[in-house]
Amino acid sequence: MNFYKSGEIMEDNDLLKVRLEKIAALKSAGIDLYPNDVRPKNTTAEILAEFGNSEAESLAELTQPFSIAGRLMAVRNFGKAAFVKIQDRKGQIQSYIAKDILSENAFFVFKKLDIGDIVYISGKLFRTKTNELTIEAHDLRLLSKSLHPLPEKWHGLTDVETRYRQRHLDLIASPAVKEIFYRRSRIIQLIRQFMDKQDFLEVETPMMQPRAGGAVARPFKTHHNSLDMDLYLRIAPELYLKRLVTGGMERVYEINRNFRNEGISTFHNPEFTMLEFYRSYATYEDLMSYTEELFAFIASNIFGSLKFTYQETEIDLTPPWRRISVKDALLQMAGMDKSALENHTRALAFARGVGCDVKDTDPLGKVLMAIFDQVVEKKLIQPTFVIDYPVAVSPLSRRSNTDPNIVDRFELYIYGREIANAFSELNDPADQRERFLQQLKERETGDDEAHEMDEDYIHALEYGMPPTAGEGIGIDRLVMLFTDSASIRDVILFPLLRTKQDCGGSSNN
RNA sequence: GGGCUGUUAGCUCAGCGGUAGAGCAGCGGACUUUUAAUCCGUUGGCCGGGGGUUCAAAUCCCCCACGGCCCA
């Protein structure tokens, strides 16, 4: 909605009209409607932390003035006095407004305030009759007028569509939502701390790539005009990070967005955040321990424990986590028999029997993984490393020394969801070329997600990449776990939605 | 892509063939220690959009838009 048209504010309902009239009254009383000269000295949380337990007598002895700024969230009015709640970035505190304490001018401003306005209050601390720590307002200023009413004070904002499209309202109305994003930031800080302590270097690699490599997924396509060149939003940073490893950056990591042009669900957003890291002179087995340590580090900092509840299920991160091979998982958890594991025709039949959409041309490894995704995945509730992946679905992983049909790779599952994917990196350029050629064949049979040939990358490998292991961890899914969020949209500030007219001027439009 | 489900006042919701409702917010009034303050009064709606059925549609049917959950 555009409220400003040729300098005039359009009136779209009575509520707005009333507020505009208040603005006019304040303006004609000579009051600056958008002042920026105040500097609040305190936050609500600081005051509550420092004086939350102080007795009334010791508060009375305090000589320094306190000042806060924030959004007016509640007004309990008594005519010549009132109690109000002010909310800043850290929390809420009560303030007492009284006509015989404030200046006439400030009290006039108070009478024109609405819930939702941004205000500044300074004064002294005291305790009310009900013993609540309160700021007695000696000065009050309006800093910014809110033209629209806030969501209802008791139920808050529950319409999920409005919550996502107008996240500002969600954040104002729901402290718990704000808390999720504070925790998200904290988790990412902890990851950086952990990586930095291990001497990893944080880097940034291209998001726009001439070839979308490093994963199996459909990319978004874009175009650079002056170079007249098609580009893809990256589906993974992998091939660039490994070039850095080849260049001598033996331990690197990147925390940034990947983009995949695929369906949207409670576990998938088209753009999502990934931690990807590479460690030279290590194997995927080393990374299993490393991952256990990383998760334990995060959990103990967030929860003070390695056990926590996700969607009413207790998750226990105490190492070591269960390890199971893809084949054993299929035998034990999908009810396949040994012969079907090795027989293409029987595997296909089994896959179709459990509802997988597989093609006759799909290699055996791919068929097995389809069955795994369909049947086994959702059963892996406690943290589990699934190991020994088929070569066919792992074009960038190092072959096992004991079985050339499988690779040194694991995926981590928690609560039935893939959280991490890691492998010992394939650093044999000849084998890498062969794998790309195999992927090209699958592309020809109609798999448009198969990996493309990347000669530049092979050329880089030909200079010699140290033996290295690498891992990607989905940050959004990790944050879901640690915030008990059921949907990925609850841990992404602005999840992708279809554009919609007339929804309040959201940035998603 | 398929199934189920939702869209009614600024917000939270009820109403499910017969004149559109409540609470909160707002507005007017009373009130200088409240905690979802209280008390009295009161404004506010293209019932998501379009088509149909019917004497009559928020309500039944169809299409569309935008969500949610589940499945692929």
- Binned at 5 Å from zero, the C-alpha pair distances of the range A:328-439 give percents of 2, 12, 20, 22, 20, 16, 6, 1
- Evaluate the Kirkwood expression for the hydrodynamic radius of the range A:60-109, namely the inverse of the mean inverse distance over all pairs of different C-alpha atoms, and round to one decimal in Å. 12.1
- Could you give the angle, 0 to 90 degrees to the nearest 10, between helix A:14-28's Cα long axis and the longest principal axis of the Cα atoms of chain A? 60
- Largest-first principal axis extents, alpha carbons of the range A:177-332, Å: 54, 42, 38
- Message: Which log10 I(q)/I(0) values does the range A:304-381 give at q = 0.14, 0.17, 0.21 Å⁻¹ under the Debye formula, counting every alpha carbon as one identical point scatterer?
- Response: -0.53, -0.68, -0.87
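Among DSSP beta bridges whose residues both lie in chain A, state the antiparallel percentage, nearest 5.
Working: 78 of 87 bridges.
Roughly 90 percent of the DSSP beta bridges within chain A come out antiparallel.
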- Selection from A:Tyr182, A:Ser146, A:Ile172, by position along the positive dipole direction of the range A:124-189 (Cβ): A:Tyr182
- Could you pull out the longest piece of chain A with no exposed loop chymotrypsin sites (Phe, Trp or Tyr not before Pro) in it, calling a site exposed if DSSP puts it outside H, G, I, E, B and it has at most 11 other Cβ atoms within 10 Å? A:282-462
- Message: Could you tell me how far the Cα centroid of the range A:411-486 sits from the Cα centroid of the range A:248-299, in Å?
- Response: 11
- Query: Among the GluC sites (Glu not before Pro) within the range A:301-342, which fall in a DSSP loop and have no more than 13 other Cβ atoms within 10 Å of their own Cβ?
  - Reply: A:Glu312
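How high is the FRET efficiency between A:Gln311 and A:Ser185 when r is their beta carbon distance and R₀ equals 22 Å, given to the nearest 0.05?
0.45
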- Which of A:Thr283, A:Leu331, A:Ala56 sits closest to the plus end of the dipole of chain A, meaning its Cα is farthest towards the positive end, when Lys and Arg get +1 and Asp and Glu get -1 on the C-beta? A:Ala56
- Query: What Rg and what Dmax come out for the range A:323-367 when only alpha-carbon atoms are used, in angstroms?
  - Reply: 10.1, 31
- First compute the accessible area of chain A with a 1.4 Å probe, then give the percent of it belonging to carbon and sulfur atoms. 50
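So how many Å³ per residue does the convex hull of the Cα atoms of the range A:14-68 work out to?
Numbers: hull volume 8.8 nm³, N = 55.
Cα-based convex hull of the range A:14-68, divided per residue, equals 160 Å³.
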- Taking H as built 1.01 Å from N, whose amide H comes closer than 5 Å to the amide H of A:Thr468, not counting residues under 5 places away? A:Tyr281, A:Ala282, A:Glu425
- Task: Output ³J(HN,Hα) for the range A:250-264: one whole-Hz value per residue in order, computed from phi by the Karplus curve 6.51 cos²θ - 1.76 cosθ + 1.60 with θ = phi - 60°, and x for Gly and Pro.
- Result: 5, 9, 10, 8, 9, 10, 6, 7, 10, 10, 10, 8, 9, x, 10
- Rounded if a/c is under 1.5, else prolate if a/b beats b/c, else oblate: with a ≥ b ≥ c from the C-alpha gyration tensor eigenvalues square-rooted, which is the range A:167-255? oblate
- Item | Two-decimal Rg/Rh across chain A, once Rg and the Kirkwood Rh are taken from alpha-carbon atoms | 1.08
- Note on the structure: Whole-Å distance linking the alpha carbon centroid of the range A:176-224 with that of the range A:49-69 is 43
- Message: Let me see the P(r) profile for the range A:33-136: every Cα-Cα distance counted, bins of 5 Å, each bin given as a percent of all pairs.
- Response: 2, 12, 24, 27, 21, 11, 3, 0
- Return, for the Cα atoms of the range A:351-509, the radius of gyration and Dmax in Å, separated by a comma. 19.1, 61
- extent check for the range A:103-217: Cα max minus min per principal axis, descending, whole Å, gives 67, 36, 27
- Task: Count neighbours as other Cβ atoms within 10 Å of each site's Cβ, and list the GluC sites (Glu not before Pro) in the range A:195-271 that are DSSP loop with at most 15 such neighbours.
- Result: A:Glu204, A:Glu262
- Note on the structure: Interchain or sequence-distant (5+) residues whose placed amide H lies within less than 5 Å of the amide H of A:Ser397 are A:Leu426
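As an exercise, identify the trypsin sites (Lys or Arg not before Pro) in the range A:342-426 lying in DSSP coil whose Cβ has no more than 15 other Cβ atoms within 10 Å.
Details: sites: A:Arg346, A:Arg352, A:Lys359, A:Lys366, A:Lys378, A:Lys379, A:Arg398, A:Arg399, A:Arg409, A:Arg417; in loops: A:Lys359, A:Arg398.
Filter output for the range A:342-426: A:Lys359.
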- Angle in degrees between helix A:175-197 and the longest Cα principal axis of chain A, rounded to the nearest 10: 50
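In whole Å and largest first, what semi-axes does the C-alpha gyration tensor of the range A:168-209 yield when each eigenvalue is scaled by 5 and square-rooted? Mind showing how you got there, number by number?
Working: eigenvalues 173, 57, 4 Å².
Largest first, the range A:168-209 gives 29, 17, 4 Å.
Can you give the accessible area per residue of chain A, in Å², using a 1.4 Å probe?
Values: 25110 Å² over 509 residues.
That works out to 49 Å² per residue.
When the convex hull of the C-alpha atoms of the range A:254-378 is computed, what volume per residue in Å³ does it have? Could you put the intermediate results ahead of the total?
On the way: hull volume 22.0 nm³, N = 125.
Looking at the range A:254-378, the number lands at 176 Å³ per residue.
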- The correct pair for the range A:434-496, radius of gyration to one decimal and Dmax as a whole number, both in Å and from Cα atoms, is 18.3, 46
- Message: Quick check: the angle from helix A:284-302's long axis to the longest principal axis of chain A, C-alpha only, nearest 10 degrees?
- Response: 10
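The values are calculated or read from the model by the stated rules, or taken from the named source; none is laboratory data. Bear in mind the structure is a predicted one, so any value in this text is a computation, not a measurement. FYI the Cβ positions are ideal-geometry reconstructions off the backbone, even for glycines, and counts take in every protein chain you see. Surface accessibility is based on the protein's heavy atoms, side chains included, excluding ligands, DNA and RNA. Shrake-Rupley method; radii C 1.70, N 1.55, O 1.52, S 1.80 Å.
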